[in-house]
Structures are given as structure tokens and as C-alpha cells.
1. Which numbered condition in (1) more than 28 Å from the chain's Cα centre (by Cα); (2) at pLDDT below 85; (3) part of a helix (DSSP H, G or I) is the only one that residue 112 fails?
2. If only one of 53, 34, 49 is modelled with pLDDT of 90 or more, closer than 18 Å to residue 9 by Cα and assigned to a helix (DSSP H, G or I), which one is it?
3. Among the candidates 63, 77, 89, 42, which residue alone is farther than 14 Å from residue 7 by Cβ, in the same structural domain as residue 15 (by TED's automatic domain parsing) and either crowded, with 16+ Cβ neighbours inside 10 Å or free of Cβ contacts under 8 Å to residues at least 24 places away in the same chain (or both)?
């Protein structure tokens, strides 16, 4: 019983991970199903022994170990897919920056005003464009108030 609980804890964590990744990737579905199968092997040793006999393995313990290995490989595939998606997003952003003529962001970008970083704004959807224009107007109004001395404490 203690061994089953000890084996079930990492399987529960992997099941949660698979469930959270379920909508993002086919690997999430695979991880979830494989984890449920592994949990059945842990909690029902007869099922593991029958599966071992069908697969011509020595014992049900081997089936549990192989299911853990398969789960770890599926998790690695999912992590690789996430990295690949991230790389594609970065490539799209860099390509868009090159097409629109944006400069590369300098090392001191946190202190550089946005007007110096980008020569042209990226095209935005209409809703985001309206929100960005509203934010720019608010910033402009705040700068005018600070310049007139009505802003109270000036930001450094």
C-alpha cells in the first residue's frame, strides 16, 4: 500500500500536467491517457501482471517501469513542442520587425522611450490600436500636467 501511494504521487503530478496541456497539444492527451493506464498498473497489480504476460515481460513491475519511461518521453515531446512553438513566435516577431523597419531593441531599452526604439509601430488589430491610442493620450496628458507643475511629485 505504501509503495502504491509513493508511485501514485509522481503519477498524479504527471496526470495534472497532462490535463493542463490537454487543450494545447496532442501530447497532453497522450500523457493523460498513459498516466491513467500507469495508475491502473500501480493500483491493480493483476492488470500489470496480465499485461506483462501478453507483452512477454518478466513481471508486472517491468510494465510499471516501462510505463514511467513512456510517460517521461511523452513529457519531453511536449516540452520540445512548446519550445518549437516559442521559437516560431520569436521568428514571426523578428520577421515583422524587419519588414516594418523597426530597429533592434538596444540593451538599455527599459530606459529608452518607445519613440526611439521603433521607427514605425507594428500593425495592430483595431481594438488594440484604439486601446494603444488611449494609453498614448493618457501618457501625453500626464506629461503635460507634469510640465505645467500640476502633477504633484514628478517621476524620475
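1. Tallying (1) more than 28 Å from the chain's Cα centre (by Cα); (2) at pLDDT below 85; (3) part of a helix (DSSP H, G or I), residue 112 fails exactly one: (3).
2. Details: 53 fails: closer than 18 Å to residue 9 by Cα; 49 fails: closer than 18 Å to residue 9 by Cα.
Every option except 34 fails the conditions.
3. None of the other options fit; the residue is 89.
The values are calculated or read from the model by the stated rules, or taken from the named source; none is laboratory data. Just so we're clear, the structure is a prediction, and the values are computed from it rather than from any experiment. Ideal geometry is used to build each Cβ from the backbone, glycine not excepted, and the neighbour counts take in all protein chains shown.
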